Amino acid sequence: MISTLEVVDATILVIEDEADIADLVAARLRSEGCRVHIATDGERGVTACAGLSPDLVVLDLMLPGLDGIEVCRQIQAERRVPVIMLTAKDEETDVLVGLGVGADDYLTKPFSPRELVARISAVLRRVNEPAPSERFRIGSVTIDVAQRTVERDGDPIHLTATEFDLLRALTAADGAVLSRSQLLHEVWGYRDGSGARTVDSHVRSIRRKLGDGLVRTVHSVGYALGVPDA
Ligand code: CA
């Protein structure tokens with residue numbers, strides 16, 4: 001399992017209307033050394049996020065009032081904050097990634113607090129990682145690793161942090177094929193290889209934004225960088 005060191009001292013906002021889950025999550029995160037604030041509906045969540053400037057938000061999809069999708073949009077509009085979205089079904093993740101909701105990771109209920117801590121840790125490690133100063137140009141797409149920006153035909157394209165890291169991993173592989181489990185390990189920090197659907201969902205989203213050819217599917221193996229459509 002991943003070291004939980006990355007979560008120590010982090011300020012985490014939990015937006016969840018189910019008190020049992022919110023309390024369980026908060027207790028576990030506090031035991032890991034985090035400062036935790038709970039908001040019990042979407043509007044309170046948006047307000048709390050603006051006031052707290054948390055390091056990460058754990059956001060339930062199904063909330064009274066503003067739902068998780070709307071909350072995610074509103075808090076991302078203020079400032080780039082990592083979000084882990086809690087969903088009721090695996091299939092929802094596909095839909096949410098397709099919508100470009102902008103969460104960094106998704107966790108399906110029921111989940112163990114330990115799993116959540118591992119996911120939070122992986123997301124915080126990724127966003128805090130110092131980036132090398134590298135720029136890649138692949139066809140019409142330019143990737144600036146240090147600035148974490150992507151342009152297509154000179155136009156800035158917004159990728160989520162996860163989409164960016166997936167693209168960076170494929171770029172670093174320099175055309176070599178990476179399996180879904182390699183990508184899960186490199187990008188999400190997972191060790192057990194589950195969550196292949198998550199990789200597929202994010203690849204679809206990257207293709208939607210940057211063209212179908214940039215990431216090619218290598219049948220029954222995984223993904224590799226391709227030459228994007230002109
Ligand atoms: Ca709920």
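Specify whether the C-alpha gyration tensor of region 5-128 places it in the rounded, prolate or oblate class, a ≥ b ≥ c being the square roots of the eigenvalues: rounded for a/c under 1.5, otherwise prolate if a/b is larger than b/c and oblate if not. Rounded, since a/c falls under 1.5.
What shape does the chain take by its C-alpha gyration tensor, where a ≥ b ≥ c are the square roots of the eigenvalues and a/c under 1.5 counts as rounded, a/b above b/c as prolate, and the rest as oblate?
Verdict is prolate for the chain.
Summarising the amide proton neighbourhood of ILE138: residues at separation of 5 or more, or on other chains, whose placed amide H is nearer than 5 Å comprise ILE143. For the chain, the share of accessible area belonging to carbon and sulfur comes to 50 percent (1.4 Å probe, ligands and nucleic acids excluded).
For the chain, which DSSP H helices look membrane-span-like by this rule: Cα extent along the axis of 30 Å or more and mean Kyte-Doolittle of at least -0.5?
Long hydrophobic helices here: none detected.
Across the chain, C-alpha contacts under 8 Å between residues 6 or more apart give a mean separation that, scaled by the residue count, equals a relative contact order of 15 percent. Remark on VAL83: its backbone amide H falls under 5 Å from those of VAL57, ASP104, ASP105, a criterion applied only to residues 5 or more positions apart or on other chains, H modelled at 1.01 Å from N. A 1.4 Å probe run over region 5-128, with the rest of the protein chains in place, finds 43 Å² accessible per residue.
Rounded to the nearest 10 square angstrom, LYS89 shows an accessible area of 110 square angstrom against a 1.4 Å probe.
Taking square-rooted eigenvalues a ≥ b ≥ c of the alpha carbon gyration tensor, is region 105-230 rounded, prolate or oblate, where a/c under 1.5 means rounded and, failing that, a/b exceeding b/c means prolate? Prolate shape, in that a/c is at least 1.5 and a/b is the bigger ratio. A simple spin-label model places the labels of LYS89 and SER220 3.1 nm from each other, with each point 7 Å out along Cα-to-Cβ. Rolling a 1.4 Å probe across the protein heavy atoms gives region 135-225 an accessible surface of 46 Å² per residue. Each residue of region 217-223 is assigned a 3J(HN,Hα), and the resulting list reads 7, 9, 3, 6, 10, x, 10 Hz, derived from the Karplus form 6.51 cos²θ - 1.76 cosθ + 1.60 (θ = phi - 60°), x at Gly and Pro.
Positive-end ranking of ALA27, ASN128, THR93 along the dipole of region 1-151, with charges on Cβ about the Cα centre, is headed by ASN128.
Of all DSSP bridge pairs formed entirely within region 135-225, close to 100 percent run antiparallel. Against the empirical curve 2.2 N^0.38 Å, the C-alpha radius of gyration of region 134-187 lands at a ratio of 1.12.
The values are calculated or read from the model by the stated rules, or taken from the named source; none is laboratory data. Keep in mind that what you see is a predicted model, and the values were worked out from it rather than measured. All Cβ positions, even for glycine, are placed from backbone atoms using ideal geometry, and neighbour counts span all protein chains on display. SASA here: full protein model, heavy atoms, side chains in, ligands and nucleic acids out. Shrake-Rupley method; radii C 1.70, N 1.55, O 1.52, S 1.80 Å.
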